[in-house]
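Throughout, read-outs are computed from the coordinates displayed, never taken from laboratory work. Note that the structure is predicted; figures quoted are calculated from it, not measured. Here the Cβ is made from the backbone with ideal geometry for all residues, glycine too, and neighbour counts use every protein chain on show.
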Amino acid sequence: MTWLLAAYGVVTLAVLLYRIRLVRLRRALEAEIHARKH
Amino acid sequence: MGRRRMGSAILDVTLLISMATAMALIFFYAPIESKMGIVQKIFYVHVPLAWNAFLGFAIVFVASFRYLATRDPKWDARALSAAEVGVLFTTLVLITGPIWAKPVWGIWWTWDARLTLTLVLWLIYMGYLMLRRYVESTERRAVLAAIVGITGFIDVPLVYFAIRWWRTQHPQPVIAGGEGAGLDPRMATTLWVCVVAFTLLFFALYRRRVALEKLRAEADALRDDAEAARAEGANI
């Protein structure tokens, strides 16, 4: 069970971290675009 | 709500439902394999991740061709986005594989054809992503990346057929594996639901990555405009 949870845990964590990275990059770009337009 | 946002919301809800269904099937419906025990259930994430990584690299292949034919940056953005999600999924294949191998084979890794070619696949597309960081000129970067994206795809069929062409430590195919191959119907149902769930996950991440590239292009254009205006001001 430990091996199974380790595998599922790694997959969940990696996807979450990648998703957070995408959100952070999107927010940074939106802020830059907003600042340059106004 | 715009059509794009509506599409994303529908995709997210479908993804959540399919992931929840997949997890329920894995833990409460799929039988425990007789030889390997519960650790065999890693199969339900390992295989869909691998297939969707192949899907990602197939998108890189097609989008790179389209970029070279049209020089339209949207194809370059699609290729980059698919490569990034494909590398993420391949990384997870290379992590979940050894976690499964250790309790079953007694070793984390062996240099058999399937495992080695998968590692080579990961290195090729990591190289693709690194190349994009080191070339300054936008067009030159896109052309070089497209060439790597097209040629690198050669490794995908090699990875897929490795277990059919060579004797490997990696298990023989259970889907489309010919005579003697096959899965318990409950395992097969669970696997296909997982494949659908991970394909939706792939597209949810891919769509967001493509949207990010659009924003980046917009920010780059605004930055260029500001620099041009500054240079013009300095010349007066």
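Remind me, relative contact order of chain B in percent, using alpha carbon pairs under 8 angstrom and six or more residues apart?
Numbers: 218 pairs, mean separation 68.0, N = 236.
So the answer I get is 29 percent.
Would you list B:Asp112, B:Asp224 from fewest to most Cβ contacts within 10 Å? Write down the numbers at each step before the final one.
Values: B:Asp112 15, B:Asp224 10.
So the ranking, lowest neighbour count to highest, is B:Asp224, B:Asp112.
What FRET efficiency comes out for B:Trp165 versus B:Ile107 if R0 is 30 angstrom and r is the Cβ-Cβ distance? Round to the nearest 0.05.
Numbers: r = 22 Å, r/R0 = 0.75.
The formula returns an efficiency of 0.85 here.
Given the rule -39500 (n - 2.57) for each run of at least 4 DSSP H residues, summed and divided by the residues of chain B, what is its mean residue ellipticity at 222 nm, to the nearest 500 deg cm²/dmol?
Details: 7 runs with 186 residues, N = 236.
Rounded to the nearest 500, it is -28000 deg cm²/dmol.
Could you tell me which of B:Ala113, B:Thr91, B:Leu131 has its Cα farthest along the dipole of the range B:58-134 towards the positive end, charges placed at Cβ (Lys, Arg +1; Asp, Glu -1), taken about the Cα centre?
It is B:Leu131, whose Cα lies furthest towards the positive end.
Report the per residue volume, in Å³, of the convex hull enclosing the C-alpha atoms of the protein assembly as shown. Walk me through the numbers before you get to the answer.
Details: hull volume 42.4 nm³, N = 274.
Hull volume normalised by residue count: 155 Å³.
Cross-link candidates for A:Lys37: which lysines have Cα within less than 25 Å, leaving aside residues fewer than 8 places away along the same chain?
Once the sequence-local lysines are set aside, what remains near A:Lys37 is B:Lys74, B:Lys214.
Which of the lysines could a cross-linker bridge to B:Lys102, judged by Cα under 22 Å and excluding same-chain residues fewer than eight apart?
Qualifying lysines at Cα under 22 Å: B:Lys35, B:Lys41.
Filter the DSSP H helices in chain B by two things, a Kyte-Doolittle mean of at least 0.0 and an axial alpha-carbon span of 20 angstrom or more, and list the hits by number. Write down the numbers at each step before the final one.
On the way: long enough: B:3-28 (37 Å, 1.19); B:43-70 (40 Å, 1.34); B:73-105 (46 Å, 0.68); B:113-134 (31 Å, 0.95); B:138-152 (21 Å, 0.79); B:185-235 (75 Å, 0.16).
Helices passing the filter in chain B: B:3-28, B:43-70, B:73-105, B:113-134, B:138-152, B:185-235.
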